[in-house]
Structures are given as C-alpha cells and as structure tokens.
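Read the structure below first, then the notes.
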Amino acid sequence: MKKYLFWASLILLGAGGLSAQTIDRQVIGAAGTTFQTASIHLDFTVGESVVPTVEAGSFILNQGFQQGDLNKVGIEDLAEVKYVLFPNPTYGLVTLQLESAKNLSLSLEVTDASGRIVAIPRQQLLLTGSLETRIDLSPLAEATYFITLREENGQGVHTFRIQKLN
C-alpha cells in the first residue's frame, strides 16, 4: 500500500510542476522570415500562392496561413469572344476562328515555353462580327507553343497551348 501512495504522490507532485503549451500564429513552411522596423512588421512564407479561407460565423479556417483582406487583381478572359483553334496538335498550319458581337482590336502572338516571341511576327486583328485567320507554324521546331490573344486596351487575354509536330 505504501508503494501505491508513494507513486501516486510522486505523479501528483510531478504533474503540478508541468505547464501547458501555447501556440501563437505559427506556420510550417519551406522558407520564409520576419522583418520588423519601428513602423512595419512583415511575415512571409514561400509556398502556396492561393490558400482558401472558410468562414462560418466567428469560426475561420485558413490552413494556418496569415491572410488579410484579399483583393482580386488580374486580367479577365476574353468573355465576349467565342474562339476555336484547330488542329491541335499540328504539323504546320493552324486555323483560328473568332466571333464577337462587339468590335474588338486584338493582337496575336506566338511564344515558346520560355515566353520568348518566336519568329512569327505579332499580328493585329480587327474583329467585327466573325474572323478566321491562319497561323503558319511550319518553320518552327517540334515543341509546345502558346498563342496569345490580347485586347488592345489590356482588359482581356486568352492563351491557347498548341503542340507542334514534325
């Protein structure tokens, strides 16, 4: 019986000396740091570019990443334009069909995977109703290329990925 009292009192005394742990705004990430001056405090991590936040009343779940108010910044897709690009993959000649109710001035460029504009010059297209244009990729090497349509005012962009075969 004395053994049990000894162990019970040892456990109770030992547990009384323990303190609980606290976690305050911690992130586990591959890289990141904190910078602080007299007026600015900046925390950042390298990782996911988009992390969703789910809210239900006062409950907020955000995968542990610190988030402020999110403002959407970007370029909209060419919503008013219907477009078809074929054939894909191609051996050379590609047909691009465009249709829009609005009159639009578009630029078309072909880039490689590194973003470099290839030998085919940038084209200016005036879309009034419907338009069909052909793009000759035959002088290019076998690779993946990107055909990008941009509105002149910079409001809309659409990029097609096309595979060139030899």
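All of the numbers you see were taken from the coordinates with simple rules; none came from a lab. Small disclaimer: the values here were computed from a predicted structure and weren't measured. Cβ placement follows ideal geometry from the backbone for every residue including glycine, while neighbour counts extend to all protein chains displayed.
For this structure, a couple of remarks:
- Counted charge near Asn88, where neighbours are those whose Cβ lies closer than 13 Å (Asp, Glu -1; Lys, Arg +1): +2
- Note on the stretch 30-45 and the stretch 115-166: Cα centroid distance 42 Å, given to the nearest whole angstrom.
- Residue exposure sequence - Val46, Val118 - by fewest surrounding Cβ within 10 Å: Val46, Val118
- Remark: Tyr83, Tyr4, Tyr91 ranked as Tyr4, Tyr91, Tyr83, counting other beta-carbon atoms within 10 Å and listing the fewest first.
- Two-site FRET efficiency, Trp7 against Phe59, from Cβ-Cβ distance with R₀ of 45 Å, rounded to 0.05: 0.60
- Entry note, the stretch 76-164: relative contact order of 35 percent, from Cα contacts under 8 Å with a spacing of 6+ residues.
- Sorted by Cβ density within 10 Å, fewest first, the residues Leu140, Leu126: Leu126, Leu140
- Total formal charge among the other residues, if their Cβ is under 12 angstrom from that of Ala143, Lys/Arg +1 and Asp/Glu -1: +1
- Within the stretch 76-164, percent of DSSP bridges classed antiparallel, to nearest 5: 90 percent
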